[in-house]
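Scroll down for the structure; my scribbles are underneath it.
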Amino acid sequence: MRMILLGAPGAGKGTQAQLLVKELNIPIIATGDMLRAAVAAKSALGLKAKAIMDAGGLVSDDVIIPIVQERIAQPDCANGFIFDGFPRTIAQAQAMRDAGVVIDYVIQFAISDETIINRLSGRRIHPGSGRVYHVEHNPPQQEGVDDKTSEPLIQRDDDKEEVVKQRLTVYHQQTEPLVAYYQDWENEGSAHAPALVSIDAAADVSQIENELLGLFRKEARV
Ligand code: AP5
């Protein structure tokens, strides 16, 4: 199973990816998490990416594409993977297509900008693992600390309202066109085209999880 979780910042991609892996047992490839790890390690990539991420822009395709190509060549990706936050531009999607990377599903997380702004102001993350919480909708067992490690949770630098608005603008300009890209590919009737599935990302976390698991269990039975 290879799938892409496609949606605006804060649509819930990371939350669902973490729930799906428990059932599907395949790795999550989250380019945002990979970049944040590079920033924390102060590597050359991290130094280059930090200012762009803090301003709400996208790291350039020629940096991101080789990192992802290298990651999916690792043995743990042999049975599949979940792309979270990749591809984010037509060039990134086309690079996967040109490389013959067959994707089964593109899950589009449909949600309004207003809901996202509210969600991101309440998001907290555990920097070590990338585990995601929300102060109201998905709180940790104990306020401010991670459920598994009891380490402190933090708020991401790019979750400030003005940066979120810029990320949404970038999403609408550069990433949303991927919905039409995959729809057109599916309409061509090509055997390798992924199935594009749209879900209501404003629904409850468990409702979305059940919808996605239902889809994949049905696939496993076919
Ligand atoms: P990245 O880390 O990928 O951020 P993003 O796509 O902006 O997505 P988020 O992680 O903000 O949101 P999410 O959809 O995962 O939502 P979450 O589950 O956390 O990228 C960061 C930056 O890195 C980019 O801006 C860019 O600079 C760079 N970058 C990354 N990939 C790149 C690429 N391919 N190319 C170029 N640059 C790249 O949920 C959000 C909150 O809502 C949480 O608090 C959660 O608990 C809550 N929540 C989730 N679901 C629900 C629900 N159903 N109901 C209520 N609350 C919910």
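The values are calculated or read from the model by the stated rules, or taken from the named source; none is laboratory data. Bear in mind the structure is a predicted one, so any value in this text is a computation, not a measurement. Neighbour counts run over all protein chains shown; Cβ positions are idealised from the backbone, glycine included. Only protein heavy atoms, including side chains, enter the accessible area calculation; ligands, DNA and RNA are left aside. Shrake-Rupley method; radii C 1.70, N 1.55, O 1.52, S 1.80 Å.
Do we find that PRO75 is more than 9 Å from the ligand (Cβ to nearest atom) and either over 29 Å from LEU213 (Cα atoms) or open to solvent by 70 Å² or more (accessible area, probe 1.4 Å) (or both) in this structure? Answer is yes for this residue. Going through (1) under 29 Å from SER206 (Cβ atoms); (2) buried (at least 19 other Cβ atoms within 10 Å of the Cβ); (3) touching a Pro at 6+ places or on another chain (Cβ under 9 Å) one by one, GLY80 falls short only on (2).
Pick from GLU209, GLU176, GLU162, GLU186: which is farther than 24 Å from SER121 by Cβ, charged (D, E, K, R) and open to solvent by 40 Å² or more (accessible area, probe 1.4 Å)? It is GLU186.
Being more than 22 Å from VAL179 (Cα to Cα) and either modelled with pLDDT of 95 or more or out of contact with any Ser or Thr (no Cβ under 9 Å at 6 or more places or on another chain) (or both) narrows it down to one of ASP84, ASP76, ASP61, so name that one. Give the steps one after another, and end with the answer.
On the way: ASP84 fails: more than 22 Å from VAL179 (Cα to Cα); ASP61 fails: more than 22 Å from VAL179 (Cα to Cα).
Testing whether each residue is more than 22 Å from VAL179 (Cα to Cα) and either modelled with pLDDT of 95 or more or out of contact with any Ser or Thr (no Cβ under 9 Å at 6 or more places or on another chain) (or both) leaves just ASP76.
The rows are residues; the columns are (1) touching a strand residue (DSSP E or B) at 6+ places or on another chain (Cβ under 7 Å); (2) modelled with pLDDT of 95 or more.
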{"residue": "VAL135", "(1), (2)": "yes, no"}
{"residue": "GLN142", "(1), (2)": "no, yes"}
{"residue": "VAL145", "(1), (2)": "yes, yes"}
{"residue": "GLU151", "(1), (2)": "yes, yes"}
{"residue": "ASP159", "(1), (2)": "yes, no"}
{"residue": "HIS172", "(1), (2)": "no, yes"}
{"residue": "TYR181", "(1), (2)": "no, yes"}
{"residue": "LEU215", "(1), (2)": "yes, no"}
{"residue": "LYS218", "(1), (2)": "no, no"}
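On the given criteria, is THR31 near the ligand (Cβ under 9 Å from one of its atoms), over 21 Å from VAL205 (Cα atoms) and within 13 Å of the chain's Cα centre (by Cα)? Outline the logic, then answer.
On the way: near the ligand (Cβ under 9 Å from one of its atoms): yes; over 21 Å from VAL205 (Cα atoms): yes; within 13 Å of the chain's Cα centre (by Cα): yes.
Considered against the rule, which asks whether it is near the ligand (Cβ under 9 Å from one of its atoms), over 21 Å from VAL205 (Cα atoms) and within 13 Å of the chain's Cα centre (by Cα), THR31 comes out as yes.
Residue count for the stretch 83-107, restricted to those that are charged (D, E, K, R), surrounded by 15 or more Cβ atoms within 10 Å (Cβ to Cβ) and in a loop (DSSP other than H, G, I, E, B): 1. Among the residues of the stretch 34-53, the one identified as within 10 Å of the ligand (Cβ to nearest atom), charged (D, E, K, R) and more than 15 Å from the chain's Cα centre (by Cα) is LYS50.
Restricted to the stretch 116-159, and to residues there that are among the charged types (D, E, K, R) and away from the ligand (no atom under 12 Å from the Cβ), the residue that is surrounded by the fewest Cβ atoms within 10 Å (Cβ to Cβ) is GLU143.
Enumerate the pairs (first residue in the stretch 171-182 and under 19 Å from ALA195 (Cβ atoms); second residue anywhere and in a helix (DSSP H, G or I) and open to solvent by 50 Å² or more (accessible area, probe 1.4 Å)) with beta-carbon separation below 8 Å, excluding pairs fewer than 6 apart on the same chain, so at least 6 apart or on different chains. Qualifying pairs under 8 Å: PRO177/ILE90; LEU178/ILE90; TYR181/ILE90.
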